[in-house]
Amino acid sequence: MIQHHIEITYCTQCRWLLRAAWLTQELLTTFEQDLTSVSLRPGRNGIFDITLNGQLLFSRKEAGRFPEAKEVKQLVRDCIDPHRDLGHSDKTSSTPT
């Protein structure tokens, strides 16, 4: 089984450690069998980036907002196991009737 590494780079100037740590817990709980590690990396200048195996999944600066935990879980799932059901964290499609 392929193991994956997630890195969350957060801004120390903005005090975003708790947000990064909470997201780390969410990811480790959801993907405990798939991840070798989730690392927290201190940064500066408003950074809050999430990478999977070195590939950028989410950038707060690019998106102009913080990610929701559900959104990050879906992004990770789509990369490592697209057919996995995330239960209540999974996408729900709203089709107009």
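The values are calculated or read from the model by the stated rules, or taken from the named source; none is laboratory data. These numbers come from a predicted model, not from an experiment. No Cβ is skipped: glycine too gets one built from the backbone with ideal geometry, and neighbour counts run over all protein chains shown.
Things worth noting here:
- Qualifying positions in the range 6-21 - touching a residue at least 40 places away in the same chain (Cβ under 8 Å) and of a type outside the set (Val, Ile, Thr): GLU7, ARG19
- Residue that is farthest from the chain's Cα centre (by Cα), among those in the range 30-81 that are charged (D, E, K, R), closer than 20 Å to GLN13 by Cα and loosely packed, with under 15 Cβ neighbours inside 10 Å: ARG44
- Evaluated against (1) surrounded by 14 or more Cβ atoms within 10 Å (Cβ to Cβ); (2) at pLDDT 95 or above; (3) not charged (D, E, K, R), SER89 falls short on exactly one condition, (2).
- Sole exception among (1) surrounded by 17 or more Cβ atoms within 10 Å (Cβ to Cβ); (2) within 20 Å of ARG84 (Cα to Cα); (3) among the polar types (S, T, N, Q) for THR9, by number: (2)
- The range 13-29: number of residues that are loosely packed, with under 14 Cβ neighbours inside 10 Å and not hydrophobic (A, V, I, L, M, F, W, C): 4
- In the range 1-20, residue nearest to the chain's Cα centre (by Cα) [restricted to those that are among the charged types (D, E, K, R) and closer than 15 Å to PRO67 by Cβ]: GLU7
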